[in-house]
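Participant: So that we are looking at the same thing, I have put the structure below in structure tokens.
The values are calculated or read from the model by the stated rules, or taken from the named source; none is laboratory data. Computed from a predicted model, the values in this text were never measured in an experiment. Reconstructed Cβ throughout: ideal geometry from the backbone, glycine too, with neighbour counts over all protein chains shown. Side chains are part of the model used for accessible areas, which takes the heavy atoms of the whole protein and leaves out ligands, DNA and RNA. Shrake-Rupley method; radii C 1.70, N 1.55, O 1.52, S 1.80 Å.
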Amino acid sequence: MTCAPPNNPNTALQLDAHGRLRHFLTLDGLSRAHLIDILDRAEGFLGIARQAIKKVPLCRGKIIANLFFENSTRTRTTFELAAKRLSADVLNLNVNTSATAKGETLLDTLRNLEAMHVDMFVVRHADSGAAHFIARHTAAHVSVINAGDGRHSHPTQGMLDMFTIRQHKGDFTRLKVAIVGDVLHSRVARSQITALTTLGVEDVRIIAPRTLIPAHAEATFGVTVYHDLRAGVRDVDVVIMLRLQRERMDGGFIPSEQEYFRLFGLTEKRLATAKPDAIVMHPGPINRGVEMDSRVADGPRSVILEQVSNGLAVRMAIMSLCIGAHNFNMNQQDAADE
Amino acid sequence: MTCAPPNNPNTALQLDAHGRLRHFLTLDGLSRAHLIDILDRAEGFLGIARQAIKKVPLCRGKIIANLFFENSTRTRTTFELAAKRLSADVLNLNVNTSATAKGETLLDTLRNLEAMHVDMFVVRHADSGAAHFIARHTAAHVSVINAGDGRHSHPTQGMLDMFTIRQHKGDFTRLKVAIVGDVLHSRVARSQITALTTLGVEDVRIIAPRTLIPAHAEATFGVTVYHDLRAGVRDVDVVIMLRLQRERMDGGFIPSEQEYFRLFGLTEKRLATAKPDAIVMHPGPINRGVEMDSRVADGPRSVILEQVSNGLAVRMAIMSLCIGAHNFNMNQQDAADE
Amino acid sequence: MTCAPPNNPNTALQLDAHGRLRHFLTLDGLSRAHLIDILDRAEGFLGIARQAIKKVPLCRGKIIANLFFENSTRTRTTFELAAKRLSADVLNLNVNTSATAKGETLLDTLRNLEAMHVDMFVVRHADSGAAHFIARHTAAHVSVINAGDGRHSHPTQGMLDMFTIRQHKGDFTRLKVAIVGDVLHSRVARSQITALTTLGVEDVRIIAPRTLIPAHAEATFGVTVYHDLRAGVRDVDVVIMLRLQRERMDGGFIPSEQEYFRLFGLTEKRLATAKPDAIVMHPGPINRGVEMDSRVADGPRSVILEQVSNGLAVRMAIMSLCIGAHNFNMNQQDAADE
């Protein structure tokens, strides 16, 4: 479809010889045109939610297996719904984490599912690189979607965030975007930064206490680091809040939830320095009173629930692209479905 | 459709401006015409079980989420089957009871599912009023079905019981109906009494030990109370047995299962005073040898398994009514399905 | 269809008055023609995996309930996928083993599912004879498939193994087949021996330590017993490895996994005495380094993953035969599906 950045090891793994998506593991290595193509395609799926019959037959007869090594009902549900809207059959597999201790056993599990003609694995795993590992070892007819791996990447979340930003702001190139919170442990933040940069956003800021910022962040990610929330959100168009994992409390990364909220929790007052039409985003689930005040979460600038709705359309776009239904004509859907 | 009793707080919540069912939370506040409409519609669904392809496309593309806060495989299965016969997609969600300790978290869960365009919540909860709470806070496009809340209401069970009675007895107005067992803790009994009264049954009796009868039952429910099984079932057309929750044993409500059976267990002999063509009902699962003798449960008067079959048709009727497929023409079903 | 061996108690239970499959409980009592019919029908289903839409509408609107009293994600998944390819609706029921302690409760569960118009039970149970028991007590409209009962039978596994052998070897009558491992506890081995014998294989060998061979095996099963792997596989066309249940270690049946592998583990070297084109089979999951070396499992003679693929086609054949879709015309599938 388009030229991907050369010499990126992800390019060879994710794209086929024609530059089309085969797996969806990371946004790193995808070109601007790839991202725009996904966003445009998702646009077409958005209307399906308003149809009487909210289904398209794009993936009819395909088998999509949710391989969730890390439990997440919410994320699994969005993938399951996206698959069902595409008319695929869904297999939810409880993958015992202990079984994956031996790499060999995991490979045998994959081989068996491939032999049953499963068409796609949606993989969630606590270890960074797990989806890449599976993509590297899977059969040619299978696509792998990364639904979050360790601290590494959560590319479908990154894309639904871009979709939501584009819906509200249009052109990316003139935007100022702030990402607030635990960037250090966040796969979501990594995917967002990559996507924003690829789409041409020049002013990307990360705002967090020193303990939650990766070393050399500015040089590595091309972002500006702030340790003060009010200063960081000044004049921004978009504020993206990250979820604070409760288990970080024990790690000594932050003193307490109250203290975190006092310094980095988003309130209407602190949001005052942002642009008047700034939008507020959060990947969910929100810890109310920790990352943000309920008045912000439920307020007029919040687009958090739109993110959820958009997540369905974006996942449908990515899944159908990877599964190879390239020739789909949106206008044929009703005829084919009945 | 028809006039509902005025000034009933349930009316405004359950019915839309045209008097049509939007949610199905309780039978309290529904008119006789509403109940008859459900029974008639269910009649039409009964034949589907005899078709080669036991499906109608009424809810095709709709998403129905089972929100079971209280575990019940049996009830969830009947709703799941009813939804699948209506061609809906079903989402079974394990709702961690602990998560509902905070009302806010439950609301965030609801908001998220609404944003994913879920069309219906089927709610089971140990607390009375939970389904009402959810209906009161849900988005305009979502319907809520109460699949049992605390001691309050189990309206789909009540309706399938009415359907079964009408199948066997026709006209409700001349019937004598006895409800036997733990009325105090039974949401099933509450729904049955409301339905029977609304449908014009004048002689409704409840039969139980004093410890299992609500205070002021006669005045509150318009029923006659009996503490003697043989006297209570004299001349009745219908005997409805309630399930005895085993956990009541510990509560000191009854001395022992054996003692309960000795006084209130239904046997062929005790059934002798009822009308010769009396039918015996039970919502299941039966505690054989506690609520009734196996010879009664499996005998010629038992319609217990018919209740199960009817449950599917009645739930299909209620779900399709609420989901708004008002214009369905039964004769179009085969054409539309292929 | 064809004459089954007379006076076999399984015949009356499994076949209808016309000799057609009603249940699929055991291979014992089925004629050669029955088995060939299943294999031929499965052949027709094999191509479905290569279609764009991997579904046929044979069991559309049918409800297939997985009644797994013994946990097995892998086997349940293959039945679930086979059912979905046949366009059936699948119900996965968690059957609490404790609930089956009382036979009466199990029967009440069956009665309820029958009343919900379930069309097929796929039964897995730790007790030998459980599927027979259920078939004997189920309603006339329900078919029962045995997905493994105790040490007794695993007939769908037996048939997929025969399918795989026929694919590679064609005619059964001239074959030499060795079954290696824990024959004593293996329901898989019992089904394989019955199938091989019925299909005309004259040289069936079982190879295992004395502690893992049933008493009087040669007389009972018509096989030759070997206690030496190299001697047992000499000149064979097919080597079927059995899975070693880890829990046997504790039972004192074998000294250790290492010791077992040293004597009965399949290696390339030990396989050298078999025919040059011998195939190696295993029902999975493999204990690598216990039953066989990875070089054999992943080597050119291994057809283990083909067994998995064939399992889908064979289960589709058996399920659709039992569910009574006798008049299906393969050529109509696409027309009917769209």
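Participant: Place the label 7 angstrom along Cα→C-beta at B:Arg210 and in each other copy, then list the distances from the first to the rest in nm, shortest first.
Facilitator: From this label point to the equivalent ones elsewhere in the assembly: 7.5, 7.6 nm.
Participant: Calculate, in whole percent, how much of the Cα-Cα pair population of chain C lies beyond 30 Å.
Facilitator: Values: 19951 of 56953 pairs.
Counting every Cα pair in chain C, those more than 30 Å apart make up 35 percent.
Participant: Let me ask another. Could you work out the relative contact order of the range B:155-308, using alpha carbon pairs under 8 angstrom and six or more residues apart, expressed as a whole percent? Can you show the working numbers first?
Facilitator: Values: 271 pairs, mean separation 36.2, N = 154.
Relative contact order here is 23 percent.
Participant: Quick check on chain A: helices-only [θ] at 222 nm, where DSSP H runs of length 4 and up contribute -39,500 (n - 2.57) each and the sum goes over total residues. Nearest 500, please. Walk me through the intermediate numbers first.
Facilitator: Values: 14 runs with 131 residues, N = 338.
That comes out to -11000 deg cm²/dmol.
Participant: For a Förster distance of 22 Å, can you work out the FRET efficiency between the beta-carbons of B:Arg295 and B:Asp203, rounded to the nearest 0.05? Spell out each step's value before the answer.
Facilitator: Working: r = 27 Å, r/R0 = 1.21.
Step by step, r from the Cβ atoms, then E = 0.25.
Participant: If you filter the range C:116-199 for trypsin sites (Lys or Arg not before Pro), then keep DSSP loop positions with at most 13 other Cβ within 10 Å, what is left?
Facilitator: On the way: sites: C:Arg124, C:Arg136, C:Arg151, C:Arg166, C:Lys169, C:Arg174, C:Lys176, C:Arg187, C:Arg190; in loops: C:Arg151, C:Arg174.
Here the trypsin sites (Lys or Arg not before Pro) that fit, given the DSSP loop and packing criteria, are C:Arg174.
Participant: Here's another thing I want to ask about it. How many nm is it between the label spots at B:Leu107 and C:Leu107, if each spot is 7 Å from the Cα in line with the beta carbon?
Facilitator: Label-label distance for B:Leu107 and C:Leu107, simple model: 5.3 nm.
Participant: Pull out the extension gain between B:Arg246 and B:Ala17, defined as 0.36 nm times the separation in residues minus the alpha carbon to alpha carbon distance; nm, one decimal.
Facilitator: On the way: separation 229, 0.36 × 229 = 82.44 nm, distance 4.32 nm.
Taking 0.36 nm per residue and subtracting the Cα distance, the gain is 78.1 nm.
Participant: Distances in nm, one decimal, shortest first, from B:Thr73 to the same residue in every other copy, taking the label point 7 angstrom along Cα→Cβ.
Facilitator: For B:Thr73, the other copies' label points sit at 1.9, 1.9 nm, shortest first.
Participant: Counting C-alpha atoms alone, how compact is the range C:9-58: give Rg to one decimal and Dmax as a whole number, in angstrom.
Facilitator: 13.8, 43
Participant: Also, quick follow-up: Principal axis extents for the range B:155-308, Cα atoms only, whole Å, descending order, please.
Facilitator: 40, 35, 28
Participant: Next question. Give me the log10 of I(q) over I(0) for the protein assembly as shown at q = 0.05, 0.06, 0.08, 0.09 Å⁻¹, as the Debye formula computes it from C-alpha points; what are the numbers?
Facilitator: Here log10 of I(q) over I(0) equals -0.36, -0.53, -0.92, -1.12.
Participant: Continuing with the same structure: Going through the DSSP H helices of chain C, which span 15 Å or more along their own axis at the Cα atoms while scoring at least 1.0 as a mean Kyte-Doolittle hydropathy?
Facilitator: Working: long enough: C:32-46 (21 Å, 0.25); C:73-85 (18 Å, -1.04); C:103-115 (18 Å, -0.25); C:155-169 (21 Å, -0.71); C:187-198 (17 Å, 0.06); C:304-322 (27 Å, 1.14).
Once both thresholds are applied, what remains is C:304-322.
Participant: How far apart, in nm, are the 7 Å Cα→Cβ label points at A:Arg234 and B:Asn94?
Facilitator: In this crude label model, A:Arg234 to B:Asn94 measures out at 4.9 nm.
Participant: Going down the table (B:Lys84/B:Lys169; A:Lys62/A:Lys84; B:Lys54/B:Lys84; C:Lys176/C:Lys275), which pairs top 20 Å between alpha carbons? Can you show the working numbers first?
Facilitator: Working: B:Lys84/B:Lys169 30 Å; A:Lys62/A:Lys84 10 Å; B:Lys54/B:Lys84 9 Å; C:Lys176/C:Lys275 10 Å.
The pairs that break the limit, which is 20 Å between Cα atoms, are B:Lys84/B:Lys169.
Participant: Ok, one more. Return the whole-Å distance between the Cα centroid of the range A:137-210 and the Cα centroid of the range C:273-296.
Facilitator: Centre-to-centre (Cα) distance: 46 Å.
Participant: Now for a separate question. Taking +1 at the Cβ of each Lys and Arg and -1 at the Cβ of each Asp and Glu, which of C:Phe261, C:Leu212, C:Val118 sits farthest along the dipole of chain C towards its positive end, judged by Cα position relative to the Cα centre?
Facilitator: C:Phe261
Participant: Taking every Cα atom in the range B:111-176, find the radius of gyration and the maximum pairwise distance Dmax, and write them in Å.
Facilitator: Rg and Dmax of the range B:111-176, Cα atoms, are 15.7, 49 Å.
Participant: Treating the point 7 Å from Cα along Cα-beta-carbon as the label, what are the nm separations from A:Asp16 to the other copies, to one decimal?
Facilitator: Copy-to-copy label distances at A:Asp16, shortest first: 4.5, 4.5 nm.
Participant: Could you work out, residue by residue across B:52-64, how many beta carbons of other chains sit within 10 Å of that residue's beta carbon, and then give the average as an integer?
Facilitator: Values: counts 5, 6, 7, 4, 1, 2, 0, 1, 6, 11, 4, 4, 0.
Mean shielding by partner chains, rounded to a whole number: 4.
Participant: For A:Met241, list long-range residues whose amide hydrogen, built 1.01 Å from N in the peptide plane, is under 5 Å from its own amide hydrogen.
Facilitator: A:Val180, A:Met281, A:His282
Participant: Could I ask something else about it? Give me the inter-chain shielding for C:113-121: mean count of other chain Cβ atoms within 10 Å, whole number please. Write down the numbers at each step before the final one.
Facilitator: Values: counts 4, 3, 12, 12, 9, 2, 1, 0, 0.
That average works out to 5.
Participant: A follow-up question, please. By the scheme Lys and Arg +1, Asp and Glu -1, what is the net charge of all other residues having a beta-carbon under 12 Å from that of C:Pro300?
Facilitator: Working: positive: C:Arg295, C:Arg301; negative: C:Glu268, C:Asp277, C:Asp298.
Surrounding charge for C:Pro300 is -1.
Participant: Please give the solvent-accessible surface of C:Arg76 in Å², to the nearest 10, using a probe radius of 1.4 Å with every protein chain present.
Facilitator: Surface accessible to solvent at C:Arg76 totals approximately 60 Å².
Participant: Provide the solvent-accessible area of C:Ser256, counting protein heavy atoms only and rolling a 1.4 Å probe, rounded to the nearest 10 Å².
Facilitator: The accessible area of C:Ser256 comes to roughly 40 Å².
Participant: Using the Cα centre of the range A:129-258 as origin and beta-carbon charges of +1 (Lys, Arg) and -1 (Asp, Glu), tell me which of A:Leu229, A:Ala130, A:Leu175 is placed farthest towards the positive end of the dipole.
Facilitator: A:Ala130
Participant: Taking 8 Å as the Cα distance limit and 6 or more residues as the minimum spacing, I'd like the relative contact order of chain A as a percentage. Working shown, then result.
Facilitator: Values: 616 pairs, mean separation 63.7, N = 338.
Worked out over chain A, it gives 19 percent.
Participant: In peptide C:130-138, how many Cβ atoms from other protein chains are near each Cβ within 10 Å, on average?
Facilitator: 0
Participant: FRET efficiency for B:Ala33 and B:Gln258, Cβ-Cβ distance as r, R0 = 51 Å, nearest 0.05?
Facilitator: 0.65
Participant: Continuing with this model, one more query. Once phi is turned into θ = phi - 60°, what whole-Hz ³J(HN,Hα) does the Karplus curve with 6.51, -1.76 and 1.60 give for every residue of the range B:144-152, x standing for Gly and Pro?
Facilitator: Result, ordered by residue: 10, 10, 7, 9, x, 10, x, 9, 7 Hz.
Participant: Ok, one more. Among DSSP beta bridges lying fully in the range A:171-229, give the percent that are antiparallel, nearest 5. Could the numbers behind the result be given before it?
Facilitator: Details: 0 of 8 bridges.
That works out to approximately 0 percent antiparallel.
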